[in-house]
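Please read the structure below before turning to the comments.
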Amino acid sequence: MTASDPTTLTEEFHKLLRIAGCRHHFPLLRQSVNGKPLVYFDNAATSQKPQAVIDAMMRYYEAENSNIHRGVHYLSERATQSYEGVRVKVKAFMNAADTRELIFVRGTTEAINLVAHSFGRAFVKAGDEILISGMEHHSNIVPWQMLCEERGAVLKVIPITDTGELQMDAVPALLTPKTKLMAITHVSNALGTVNPVKELVAMAHEKGIPVLVDGAQAVPHVRVDVQDLDCDFYAFSAHKMFGPTGVGILYGKKKWLDQMPPYQGGGDMIRSVTFARTTYNDLPYKFEAGTPNIGGGIGLGAAIEYLNELNMDAIRQFEHDLLTYATEKILAVPGVRIIGTAKEKAGVLSFVMEGIHPHDIGTILDVEGVAIRTGHHCAQPVMQRFGVPATARASFAFYNTKEEVDAFIKALDKVREVLG
Ligand code: C6P
């Protein structure tokens, strides 16, 4: 089929229509805040949950609640089946080669800490280097700093340009024989930049260096195919992709996970325990100590089904149009400067207004029913790079509308009226 094929066009149209009609699946979005219809533009912090996710978790607690991998009784087997079924859904969602490469964690932060501890313990020694970028969230900085401190290793940083893109020509020299791992964000939470992850992975692999990708801000917006990216680790949180808090996924290539020691000790991660010696369980359970967030995992499965139904490519297209619209509108507001103007962006509009502190912008917008995040967004080095203490950040999801963008712009006019 070609792009001009009427069948393709009709399919595309239907996909977009489905997105446009999905807002009523999100009960929280129906409310008013301060007497105004809620405009929820804080999706990068956490997204709202469709009824399907809420129902799936309710169903689990009402009818299946039981511990997994332990009991021979009916409920335990049913809960185990539901939970392990989610691993299969995650495998398809991110095109992993094997369910054993998918580890349930609390979220992106825990996933990265797991790799820093376990990979770090196995492979990093004094004088080695870890390479990150200047646009990382603290979750992809601090665990590596802690590791470097403990091991006497060195943290190196890929600089970013004035548009908020990685300085790609600096990368080859930063990938040295001492580099043990590159850890890079797929999409920046503070700038919205979509990084050329596939290209970065290829550059690192040419020198035999594995790559961890922080996918926290990517999975809700773009189709992720870990085999195509060829990354060695990929981390994300369910709560940013319309699932619940407290659960996420670490993808890791089996060849690395096999060589890495367990992160935490406890139930489920062992094969046998004596006081003399403990042997460990197979993948992925070796990395899953203790009772997990079973209900949360089931919610993640429902979120994946929901996203599959909408179609990730259609979501990307819809959000791209919304971001373009919002960018044009905000640039017409006097005194506004956008922080992060990369060619490839997803879902995030970070900005400052001349003479007005971002917190004051956020407070007045809240009075108008518009929820945005203000502050450093757990990315203080990005703020330092752009010479600002903080930004105001509107972040979008597919349930947002152009009408909401108009309300947001109108609220910014109020900000100027009151404080400008
Ligand atoms: N960013 C934001 O408002 P957790 O908290 O583990 O679910 O995700 C951490 C994380 C890691 N990487 C990136 C790129 C992120 O954006 C986040 C979370 C939120 O931007 C909360 S600080």
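The table below lists the values:
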item: Hydrodynamic radius of the stretch 50-116 per Kirkwood, over alpha carbon pairs, in Å; result: 13.6 Å
item: Local electrostatic count, residue 282, Cβ distance below 9 Å [Lys/Arg +1, Asp/Glu -1]; result: +3
item: Accessible area per residue, Å², the chain with all protein chains present, probe 1.4 Å; result: 43 Å²
item: Antiparallel DSSP beta bridges within the stretch 53-308, percent to nearest 5; result: 50 percent
item: Surface share of carbon and sulfur [accessible, 1.4 angstrom probe, percent] for the chain; result: 54 percent
item: Over the stretch 53-308: Kirkwood hydrodynamic radius from C-alpha pairwise inverse distances, Å; result: 18.8 Å
item: J(HN,Hα) series, the stretch 387-403, from Karplus relation 6.51 cos²θ - 1.76 cosθ + 1.60, nearest Hz, glycine and proline x; result: x, 10, x, 6, 10, 9, 9, 9, 10, 10, 9, 5, 8, 7, 10, 5, 4
item: Net charge dipole size for the chain [Lys, Arg +1 and Asp, Glu -1 on Cβ; Debye, nearest 20]; result: 800 debye
item: Cα-derived Rg over Rh, computed across the stretch 22-90 with Rh taken as Kirkwood radius; result: 1.16
item: For the chain, calculated [θ]222 nm from helices alone, where every DSSP H run of n ≥ 4 adds -39500 (n - 2.57); result: -12000 deg cm²/dmol
item: 18 Å Cα-Cα threshold exceeded, pairs from 343/414; 198/345; 125/156; 156/253; 198/343; result: 343/414; 156/253
item: Value of relative contact order over the stretch 1-124, rounded to a whole percent, pairs C-alpha under 8 Å and six or more apart; result: 10 percent
item: Dipole of the chain [Lys/Arg +1, Asp/Glu -1 at C-beta], most positive-end residue of 407, 266, 202; result: 266
item: Three principal axis lengths of the stretch 324-420 [C-alpha, angstrom, descending]; result: 33, 31, 22
item: Mean shadow area of the stretch 37-196, taken as a quarter of the surface of its Cα convex hull (nm²); result: 13.6 nm²
item: Degrees separating the helix 108-123 axis from the principal Cα axis of the chain, which is the longest one; result: 40 degrees
item: Charged-residue dipole, Cβ positions (Lys, Arg, Asp, Glu), the stretch 325-383 about Cα centre, Debye nearest 20; result: 240 debye
item: For the stretch 53-308: relative contact order, % (alpha-carbon pairs under 8 angstrom, 6 or more apart); result: 26 percent
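The values are calculated or read from the model by the stated rules, or taken from the named source; none is laboratory data. The structure displayed is predicted, hence computed values, not measured ones. When we count neighbours, we look across all protein chains shown, and the Cβ atoms used for this are built from the backbone with ideal geometry, even at glycine. Side chains included, ligands, DNA and RNA excluded: accessible areas come from the protein's heavy atoms. Shrake-Rupley method; radii C 1.70, N 1.55, O 1.52, S 1.80 Å.
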